[in-house]
Amino acid sequence: MKIKIGVMGSAGGIPPDRAGDVLRAKADLLGRVIAARDVVLLTGATTGVVYAVGKAGREAGAFHVGVSPASNEREHVEHYKLPTDACDVLIYTGFGLKGRNVVLVRSCDIVLFIAGAMGSLNEFTIAHDEGKVIGCLTETGGVADEAEYLLEKFSKPTGAQVLLNTGPEHLLIACLDAIDQ
């Protein structure tokens with residue numbers, strides 16, 4: 001069975017400045033690095049940096065499964081205002097954003113974070129509680145950069161392994177190695 005790698009992160013727009021250019025480049029590279037492996041890519045079928053990773057991954061040959069908060073395509077597009085063009089398959093949970101997050105995280109073997117705000121924080125706590133291998137692409141902002149602080153202040157023993165790296169390829173390799181052990 002193929003390893004399932006979930007990418008979580010900021011669904012907000014990527015800023016049109018130098019920091020945004022760096023974030024976009026890391027997202028693109030992360031998608032391509034995932035596509036270079038024999039794995040399945042999962043995302044929340046959303047916008048922003050997660051969309052950029054998913055689209056880059058799919059264009060590079062990854063099989064991309066989007067897990068939607070909506071009950072169907074119409075709700076996905078009209079109510080949630082989410083795209084459909086970056087995924088090979090969309091799974092409609094009908095559980096809303098928080099419910100979708102549980103399904104998405106539980107479906108992954110590895111959960112990667114790039115940037116991320118409150119929704120990603122929810123996904124991070126779910127992944128940690130579920131004892132997942134968690135990778136944080138640091139120097140991207142948000143949850144990915146604050147994981148060490150969060151663990152220092154709020155950690156509990158769950159068996160989760162949290163790995164940090166500034167490079168998408170190094171982060172993915174470390175997470176895949178953690179799965180093998």
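Observations
- Mean Cβ count within 10 Å, highest first, over the residues of peptides 123-132, 91-100: 123-132, 91-100
- Relative contact order, whole percent, for the chain stands at 21, derived from Cα pairs under 8 Å and 6 or more residues apart.
- If you take the Cα centroid of the stretch 109-165 and the Cα centroid of the stretch 1-44, the two points sit 15 Å apart.
- Site pair M118 and K81 shows an inter-label distance of 1.6 nm when each label is modelled 7 Å from Cα along Cα→Cβ.
- Semi-axis lengths (Å, descending) of the ellipsoid that matches the C-alpha gyration tensor of the stretch 97-181: 17, 15, 13
- Of the cross-linked pairs K2/K153; K55/K153; K4/K156; K55/K156, those separated by over 29 Å at the C-alpha level are K2/K153; K55/K153; K55/K156.
- This model, with +1 at the C-beta of Lys and Arg and -1 at the C-beta of Asp and Glu, gives the stretch 74-181 a dipole about its Cα centre of some 460 debye.
- Equivalent ellipsoid dimensions for the stretch 23-125 as semi-axes, Å, which come from the Cα gyration tensor, largest first: 20, 15, 13
- Looking at the stretch 73-175, the accessible area is 50 square angstrom per residue; that uses a 1.4 Å probe and ignores ligands, DNA and RNA.
- Note on I91 and E152: with the Förster distance fixed at 22 Å, the Cβ-Cβ geometry gives a FRET efficiency of about 0.05.
- Modelled spin labels at K2 and V22, positioned 7 Å past Cα toward Cβ, are 3.3 nm from each other.
- Placing +1 on each Lys and Arg Cβ and -1 on each Asp and Glu Cβ, with no other charges, gives the chain a dipole about its Cα centre of roughly 300 debye.
- Modelled label reach - T125, point 7 Å along Cα→Cβ, the stretch 143-162 residues with backbone N closer than 16 Å: 143-144, 146-158
- Overall form of the chain per C-alpha gyration tensor (a/c, 1.5; a/b vs b/c): rounded
- Rounded D (µm²/s) - the stretch 1-63, Kirkwood Rh over Cα pairs, Stokes-Einstein at 10 °C, 1.306 mPa s: 138 µm²/s
- Expressed as a whole percent, the accessible area of the chain that falls on carbon and sulfur atoms is 53 (1.4 Å probe).
The values are calculated or read from the model by the stated rules, or taken from the named source; none is laboratory data. Since we're looking at a predicted model, the values are computed, not measured. Neighbour counts run over all protein chains shown; Cβ positions are idealised from the backbone, glycine included. Protein only, heavy atoms only, side chains kept; ligands, DNA and RNA dropped before computing areas. Shrake-Rupley method; radii C 1.70, N 1.55, O 1.52, S 1.80 Å.
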